[in-house]
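Q: Submitted below is the structure of interest, expressed as structure tokens.
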Amino acid sequence: MTPHQPAPPPGSARSPSRWRLVRRAYCVAAGVSIALVYLALRMAVPARLQELVIALVMAVMGLVLTLLAFRLSRATSMGRVDDLTRRVDQAVESGGFPQLDDTGWSAFDALAQAISRFAAQRVDTLARVRAECDHFRMLAEDAISLEAYFGGNGRLLWVNPAIEAITGHTVEECLKSHDLIDLWIYTKDQALMRDLARRSLLGESREDHELRIQHRGGGVTWFACRWHPRRDELGRVVGVRFSAQNIQRRKDAELKLLETVAALRRAQALKEHYLNRSNEERMRLASLLDIVQLGILFVDRDHRVVYINQPALDIWNLGTRDTVVGARDEVLIDRTIHLRSDDEAYRTHVAEVLSHRGFSEPYDIKMSDGRIIRDLSAIVPALEGEGGIGRVWIYEDVTEELRAAQRLIDLAERDPLTGLFNRRRFMEELERQIADAMRRGEQLGLLSFDLDGFKAVNDNHGHQAGDEVLTRLANEVSAVIRRNEMLFRLGGDEFALLVSNTDAEPMEQLARRVLQRVSGIEFQFGGQAVSITVSMGIALAPHHAAERNALIAMADRAMYAAKMQGKNRVQFADAGEPDPQS
């Protein structure tokens, strides 16, 4: 009976007693038939032929009865098999449990019991799988982060409802879209997203790439994205899980922190700049009658030019004085529009200056050719009464001055040999990052290391060879560090790495990368091959120490322990040791 045939009514299955009755009735009928035939032959066949005829007839009857018994048993077996098949098919269609009766035939009863056990196990397994699917689906659909699953052809198969809050598009719209990257990803990040998606479909697991996801309403939000390929038993990629976590708050905090640091540095630079300017002003005033190095422009109350000196003409490329005197200041601004890289910002600055009567603040004008022109302005007071007779503008080319100031900053913060940040910058960064880590409840990693056998290089090959080793080491290690990892040269052959928001395992991975990179460096000095190794010590703040000098001491102690254990290795600080500053 096939699954599509109508099922017989309940109770139609043969019971064990019926099978026994049929079997016994067949045996009795066969015996009676043989006895009757035998008696008939004894009476009808002559005595001389009785034995031969009876033997032939009995043989034929035995064969016929055997065939009938075989057909009866076969029909019985096929009936039971059909009954089992029908009941199993009904259970499959209904999703229920097959009802199998005992027949009194041990082989079929054992088969029925095995089918029942398999069905019970299958029902139980399906129930557990459905419960787990419901549980994980609830977790995925209630998550505020973006979760999606793509097929091996890159087609979106499932996405959680958070997609509507993140992008403004419904789940149905996303499933129907033929270009989700264009629908979800910010324009400037689409090329990166396509490359990462392509690699993930090839089986590469990509994690923690920061991309911007756009909302259909116009907003853009930063997300940390991960790709996890799913493979079948043959190792082929059959799908990709895509996860995205909102990191906009972290991005905003980083930007604010950078702006604060930049503002502090600008304030310090301006402070030093003004101290130098006080001395420079005296020199300018003394030589003013001979030569004026500043561009000077006077305009009257009607905003017409009454005087301009040669430096101002040169700064603004205005030609001769005759073409400028008498013109309105707005005309000069229009004539020099091509010289400024941000004309709109400059016009806003001029409008703000004209709205006040006091001295203006120094304003740096960025020129298209790379120059920086700083301007100042003030009202020219009248001899009598209130108000003024016009306004004076002073222009100064501060391009070289700013470059020199930047060079001084670099000299103060960087090592002249390797170009790495020096010990002074290291101490400042370490103190600042420890405070940040304590405030955010994160850990800051410090990796201290120096070269094994560096003194032998200097002694055997000279200090020039030692400088080459230090420079090469700085370049090679810089090539393996990441964006949140800062490399410093503390002096001699001592180096340090600072890693924000980290833990023991990432720090050990970083150390292994550096060890592997350094061990692969080879030098040739005087025809002799020279290789170097490093010994490393790792300390975490605030796990090992919460104070700057204490953390340095813990990392150094771990580094020395690495040297004592055979060099060319990494050693963590012992959290059980007493704080060196306590």
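The values are calculated or read from the model by the stated rules, or taken from the named source; none is laboratory data. Values in this document were obtained by computation on a predicted structure and should not be read as measured data. Every residue, glycine among them, receives a Cβ derived from its backbone with ideal geometry; neighbour counts consider all protein chains shown.
Q: Could you give me the residue pairs with C-beta distances under 7 Å whose first residue belongs to the range 154-182 and is free of Cβ contacts under 8 Å to residues at least 24 places away in the same chain and in the same structural domain as HIS228 (by TED's automatic domain parsing), whose second residue is among the hydroxyl-bearing types (Ser, Thr, Tyr) and not in a helix (DSSP H, G or I) wherever it lies, and which are 6+ apart or on separate chains?
A: Hits for this filter: TRP158/TYR149; ALA162/SER145; GLU164/THR170.
Q: Any residue in the range 327-345 that is within 23 Å of TYR274 (Cα to Cα), assigned to a loop (DSSP other than H, G, I, E, B) and modelled with pLDDT of 90 or more?
A: no
Q: Now for a separate question. Got a number for residues in the range 373-425 being among the hydrophobic types (A, V, I, L, M, F, W, C) and over 16 Å from GLU272 (Cα atoms)?
A: Residues meeting the conditions: 14.
Q: Yes or no: the range 504-514 includes at least one residue that is touching a Gly at 6+ places or on another chain (Cβ under 9 Å), surrounded by fewer than 20 Cβ atoms within 10 Å (Cβ to Cβ) and either small (Gly, Ala, Ser) or more than 23 Å from GLN464 (Cβ to Cβ) (or both).
A: Yes - at least one qualifying residue is present in the range 504-514.
Q: Which of the strands (runs of 3 or more DSSP E) found entirely inside the range 360-407 contain at least 2 residues meeting this: on the phi < 0 side of the Ramachandran plot and either β-branched (Val, Ile, Thr) or at pLDDT below 90 (or both)?
A: Here the list reads 372-381, 388-397.
Q: Working only within the range 217-233, note down all residues that are within 17 Å of ASN246 (Cα to Cα) and in contact (Cβ under 8 Å) with a residue 40 or more places away in the chain.
A: THR221, PHE223
Q: Criterion first (under 24 Å from ARG432 (Cα atoms) and polar (S, T, N, Q)) does ASN501 satisfy it?
A: yes
Q: For LEU376, state whether it is surrounded by 14 or more Cβ atoms within 10 Å (Cβ to Cβ), assigned by TED's automatic domain parsing to the domain that holds HIS349 and in contact with a Phe, Trp or Tyr (Cβ under 8 Å, 6 or more places away or on another chain).
A: Yes, satisfied.
Q: Among the numbered criteria (1) surrounded by 15 or more Cβ atoms within 10 Å (Cβ to Cβ); (2) under 23 Å from ARG266 (Cα atoms), which single criterion is violated by VAL392?
A: Condition not satisfied by VAL392: (2).
Q: Mind checking which pairs have a first residue in the range 246-258 that is closer than 20 Å to ALA165 by Cα and a second that is at pLDDT 85 or above and small (Gly, Ala, Ser), Cβ under 9 Å, 6 or more apart or different chains?
A: Pairs that qualify, where the first residue is closer than 20 Å to ALA165 by Cα and the partner is at pLDDT 85 or above and small (Gly, Ala, Ser), are ASN246/ALA224; ILE247/ALA224; ARG250/ALA224.
Q: Those residues that are in contact with a His (Cβ under 7 Å, 6 or more places away or on another chain) and either loosely packed, with under 14 Cβ neighbours inside 10 Å or closer than 18 Å to ARG236 by Cβ (or both), I need them from the range 193-223; list them, please.
A: Matches in the range 193-223: SER205, ARG216.
Q: Examine the range 489-506 for a residue that is hydroxyl-bearing (Ser, Thr, Tyr), under 14 Å from LEU430 (Cα atoms) and under 22 Å from the mean Cα position of the chain (by Cα), and state whether such a residue exists.
A: Looking for residues that are hydroxyl-bearing (Ser, Thr, Tyr), under 14 Å from LEU430 (Cα atoms) and under 22 Å from the mean Cα position of the chain (by Cα), one finds at least one in the range 489-506, hence yes.
Q: Here's something else I'd like to know. List every residue pair whose Cβ atoms sit under 9 Å apart, with the two residues 6 or more apart in sequence or on different chains, where the first one lies in the range 453-469 and is within 19 Å of MET536 (Cα to Cα) and the second, anywhere, is surrounded by 14 or more Cβ atoms within 10 Å (Cβ to Cβ) and among the hydroxyl-bearing types (Ser, Thr, Tyr).
A: Partner pairs satisfying both residue conditions: GLY453/THR533.
Q: Shifting gears a bit: Please give the number of the condition TRP105 fails out of (1) of a type in the set (Phe, Trp, Tyr); (2) at pLDDT 75 or above; (3) surrounded by 11 or more Cβ atoms within 10 Å (Cβ to Cβ); (4) not assigned by TED's automatic domain parsing to the domain that holds ARG230.
A: The failed condition is (2).
Q: So which residues in the range 45-73 are among the charged types (D, E, K, R) and either farther than 17 Å from ALA25 by Cα or in contact with a Cys (Cβ under 7 Å, 6 or more places away or on another chain) (or both)?
A: Once the filter is applied, which keeps residues that are among the charged types (D, E, K, R) and either farther than 17 Å from ALA25 by Cα or in contact with a Cys (Cβ under 7 Å, 6 or more places away or on another chain) (or both), the range 45-73 yields ARG48, GLU51.
Q: Still on this structure, I have one more. List the residue pairs whose Cβ atoms are under 9 Å apart, where the first residue sits in the range 402-417 and is farther than 17 Å from ALA267 by Cα, the second is part of a helix (DSSP H, G or I) and of a type in the set (Gly, Ala, Ser), and the two are 6 or more positions apart or on different chains.
A: ASP415/ALA474; LEU417/ALA474
Q: Considering only strands (runs of 3 or more DSSP E) fully contained in the range 197-310, which possess at least 3 residues that are closer than 30 Å to ALA327 by Cα and modelled with pLDDT of 85 or more?
A: Qualifying strands (runs of 3 or more DSSP E): 295-300, 305-308.
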